[in-house]
């Protein structure tokens, strides 16, 4: 298969690299996107323009590469029914895990090298003014169609990003906060669109690579005022078209024969099974009924033993944070002393041992294993972040805040985080916090969190990228700007520093601002981060061209994946 080359630019690599056990899926024979780098690059900004061809069935020079084999159905697992299949409005990973194959974005992360941003529906882009607030995207030259047969043009880009930058009243888009920095969108011609940003944003192009920036159809947006069609079905331009959703059973997508990248996808279909029980999912995986699984850490030894050299088991640093989120809208957690008391009561080292077999790690609001993480010595200055509980300090803080006799409250948690909540409930009780656990399904928990219907919420939140713009825009800047500042705690200095670092393209200067930002936020305890959870993945060697990214919100499209048997 021939391929035109295109340029890429390299994102900052995630800190500690993957630790892989077992046989690599596909090894050196992974099919790669063929890349020819060239042209000018702005190293500080991480920006580039370039041309894109098709993913090529060619590996690195010298590698023995089996020819990709078309056909077959890939099986995957999620643990609950998604609240809906709307990538714009939902934030849980189970939506992207199920329906990302139906969509494209303007840009994407290279499936096999997530340090690179490569073109998608946009074949190139460039900044056109000195302060980098104007970006012109050139769209793919060939005919690109949605699954309903309508042609994709720059008008669809404008409709998508107009919706994302200012969702209709009553709707939110919690993982697309970069779009809110767009001042205006101009359709130059059917294949060219120009964004004008409100302020420079060093991370803008990397921020729009996650699956929640799914490209929608202007015709559908006009009709339904959202991403889904009138029947609540997803209609994208992606390699797979939506086939059906049997609740509590399976979500199916099938190969879209009119896909604009010739020769792709390789798979005929993807079936995402809805299996709530981890033990059942593990049994199904070991029996070969599920080919890719995100297992519990506790199940890793069994998988390694039974899978042997027939697959890969991978444990990497992740971007998911186990956290306690206090309700800052009312007493007592509108008092930072009570929030600090929560942090003092949690033994993070013990929690890591109980929940993650010691494979998690302590961090601030930016991932300590990435380039933005606060140094360990600085982090340890904040109560609880040295890893050990300080019950005496917790009780002193509670007394100073008028809660010396203890506090009783409600602690909701999503059903898949119940074990986290049980462990934290027991720790907090030792300091005088008596929380009643309220375990909810994903959709109900989301409604309660959005309505601040909790005293302290036990949750695990993740970001699409290891970048301060994602970390702080998710949970920590002003609630009117954040994707989901459920605590509703406002820290003006956090907003000021956030805007300052966002506009800084010099890496060293930006990093210093980010350190200051992290410390200002940590001192107010708006989210009590317990640990960064390890990310686990297991898959069979028959699954070729699959690579798990550090983010669970990228590389779920499965466009270049194929099955060897």
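Structure summary
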read-out: Bins of 10 Å from zero: percent of alpha-carbon pairs in segment 145-200; value: 22, 45, 29, 3
read-out: Evaluated at q = 0.22 Å⁻¹: base-10 log I(q)/I(0), Debye formula over Cα of segment 190-242; value: -1.00
read-out: P(r) histogram, all alpha-carbon pairs of segment 489-565 included - 5 Å bins from 0, percent; value: 3, 12, 14, 12, 12, 13, 10, 9, 9, 5, 1, 0
read-out: Segment 83-154 - percent relative contact order, Cα under 8 Å, separation 6 or more; value: 16 percent
read-out: Longest to shortest principal axis, alpha-carbon extents of segment 359-443, angstrom; value: 39, 37, 20
read-out: Sequence of 123, 169, 430 once ranked by neighbouring C-beta atoms within 10 Å, starting from the fewest; value: 169, 430, 123
read-out: Normalised contact order of segment 317-534, rounded percent, pairs of Cα under 8 Å and 6 or more residues apart; value: 36 percent
read-out: FRET efficiency estimate (nearest 0.05) - Cβ-Cβ, residue 429 to residue 73, R0 60 angstrom; value: 0.80
read-out: Relative contact order (%) - the chain, alpha-carbon pairs under 8 angstrom, separation at least six; value: 21 percent
read-out: Using a Förster distance of 45 Å, the FRET efficiency for residue 408-residue 516 (Cβ separation, nearest 0.05); value: 0.75
read-out: Computed [θ] at 222 nm, deg cm²/dmol, the chain (DSSP H ≥ 4; -39,500 (n - 2.57); rounded to nearest 500); value: -7000 deg cm²/dmol
read-out: Distance in nm between pseudo-label sites at residue 507 and residue 280 (7 Å out along the Cβ direction from Cα); value: 4.7 nm
read-out: Dimensions (Å) - the chain, Cα atoms, principal axes, largest first; value: 71, 56, 47
read-out: Per-q log10 I(q)/I(0), segment 300-436, q = 0.12 Å⁻¹ (Debye; single scatterer per alpha-carbon; no solvent); value: -0.55
read-out: Tail fraction, Cα-Cα pairs, segment 317-534, threshold 32 Å, whole percent; value: 11 percent
read-out: Gain upon complete extension [residue 243, residue 396; 0.36 nm per residue less C-alpha separation]; value: 49.3 nm
read-out: Highest to lowest packing among 277-283, 531-537, 77-83, 100-106, scored as the average C-beta count within 10 Å; value: 100-106, 531-537, 77-83, 277-283
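None of the figures in this text is laboratory data; all of them are computed from the coordinates on show. Quick caveat: nothing in here was measured; it's all calculated off a predicted structure. All Cβ positions, even for glycine, are placed from backbone atoms using ideal geometry, and neighbour counts span all protein chains on display.
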